Amino acid sequence: GQSLEQPSEVTAVEGAIVQINCTYQTSGFYGLSWYQQHDGGAPTFLSYNALDGLEETGRFSSFLSRSDSYGYLLLQELQMKDSASYFCAVRDHSGNNRKLIWGLGTSLAVNP
Amino acid sequence: GAGVSQSPSNKVTEKGKDVELRCDPISGHTALYWYRQSLGQGLEFLIYFQGNSAPDKSGLPSDRFSAERTGGSVSTLTIQRTQQEDSAVYLCASGGGSGYEQYFGPGTRLTVT
């Protein structure tokens, strides 16, 4: 079967660094995406890794290791507004199908 | 430019009634997705439209659920004979076809009483 695993909850303090891991087991792999969702809001796209290595966008970075079927989202200089759920998702490319397989999400709580 | 819009934002219906949920995707986006999300849970894929290809209906939970996309743009998700377990937030997303970057609408919160 196809599955993604990520921790259900992570807690950190303002100003700290937190890493949210994601491991995947999928029949096809064409990239790892990360999305952020605040309570009551819609998911918003954060980053995408198709190749191994680290992609940096401001305070957020995303890493991928295809050989390990593993990636992570790194959030630096945490702010209270970063409290949200974070979802990893793998692009399934079976034929012309380009849907995402989603993890169950990691709830991040940033405390003062 | 305008993002993805959904209507209604909230819908309360009685068990057994039919409901229609509407999604207006971003203009020019060829891909359109419907998801369902229960409180505190992840995203449950329902259906995916890509251009003129046959939709991927593999996530629809029962034959009470159907969706159509007219003219490659607006989509309607229909739930017939609603049940209490259908209560959730229904999210629509559109994308340029690559799949990895999806833009979500604000969702429709459906409550079946």
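The values are calculated or read from the model by the stated rules, or taken from the named source; none is laboratory data. As the structure is a computational prediction, the values presented were derived from the model and not from experiment. Positions of Cβ are backbone-derived with ideal geometry, glycine not excepted, and every protein chain shown enters the neighbour counts.
Looking only at region B:40-70, how many residues end up being of a type in the set (S, T, Y) and over 20 Å from B:Q84 (Cβ atoms)?
Kept after step one, since they are of a type in the set (S, T, Y), are these residues of region B:40-70: B:48, B:53, B:58, B:62, B:66, B:70.
With the extra rule that they be over 20 Å from B:Q84 (Cβ atoms), the set shrinks to B:48, B:53, B:58, B:70.
Qualifying residue count for the region: 4.
Could you count how many residues in region A:1-31 are at pLDDT below 95, surrounded by 16 or more Cβ atoms within 10 Å (Cβ to Cβ) and not in a loop (DSSP other than H, G, I, E, B)?
2
Any residue in region B:68-91 that is under 16 Å from B:F45 (Cα atoms) sitting within a Cβ distance under 6 Å of a residue that is loosely packed, with under 14 Cβ neighbours inside 10 Å and at pLDDT below 95? List the pairs, counting only those 6 or more apart or interchain.
Matching pairs, first to second residue: B:A88/B:S38.
Of (1) on the phi < 0 side of the Ramachandran plot; (2) surrounded by 20 or more Cβ atoms within 10 Å (Cβ to Cβ), A:S107 satisfies all except one. Which?
Against the list (1) on the phi < 0 side of the Ramachandran plot; (2) surrounded by 20 or more Cβ atoms within 10 Å (Cβ to Cβ), A:S107 comes up short only on (2).
Do you know which of the residues in region A:66-89 that are in contact with a Gly (Cβ under 7 Å, 6 or more places away or on another chain) and outside any loop (DSSP other than H, G, I, E, B) is surrounded by the most Cβ atoms within 10 Å (Cβ to Cβ)?
Keep residues of region A:66-89 that are in contact with a Gly (Cβ under 7 Å, 6 or more places away or on another chain), which gives A:77-78, A:85-89.
Retained after the next criterion (residues that are outside any loop (DSSP other than H, G, I, E, B)): A:85-89.
Numbers: A:S85: 21, A:Y86: 25, A:F87: 25, A:C88: 28, A:A89: 26.
If we take residues in region A:66-89 being in contact with a Gly (Cβ under 7 Å, 6 or more places away or on another chain) and outside any loop (DSSP other than H, G, I, E, B), then A:C88 is surrounded by the most Cβ atoms within 10 Å (Cβ to Cβ).
Let's see how each residue does on (1) surrounded by 15 or more Cβ atoms within 10 Å (Cβ to Cβ); (2) more than 12 Å from chain A (Cβ to nearest Cβ):
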{"site": "B:V4", "(1), (2)": "yes, no"}
{"site": "B:S9", "(1), (2)": "no, no"}
{"site": "B:T13", "(1), (2)": "yes, yes"}
{"site": "B:D18", "(1), (2)": "no, yes"}
{"site": "B:I26", "(1), (2)": "yes, yes"}
{"site": "B:W34", "(1), (2)": "yes, no"}
{"site": "B:Q37", "(1), (2)": "yes, no"}
{"site": "B:L43", "(1), (2)": "yes, no"}
{"site": "B:I47", "(1), (2)": "yes, no"}
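From (1) touching an Asp or Glu at 6+ places or on another chain (Cβ under 8 Å); (2) more than 16 Å from A:G15 (Cα to Cα), pick out the condition that doesn't hold for A:L108.
Among (1) touching an Asp or Glu at 6+ places or on another chain (Cβ under 8 Å); (2) more than 16 Å from A:G15 (Cα to Cα), A:L108 violates only (2).
If B:Y35 satisfies every condition in (1) in a strand (DSSP E or B); (2) without any contact (Cβ under 8 Å) to a residue 40 or more places away in the chain; (3) among the aromatic types (F, W, Y) but one, which is the exception?
In the conditions (1) in a strand (DSSP E or B); (2) without any contact (Cβ under 8 Å) to a residue 40 or more places away in the chain; (3) among the aromatic types (F, W, Y), B:Y35 misses (2) alone.
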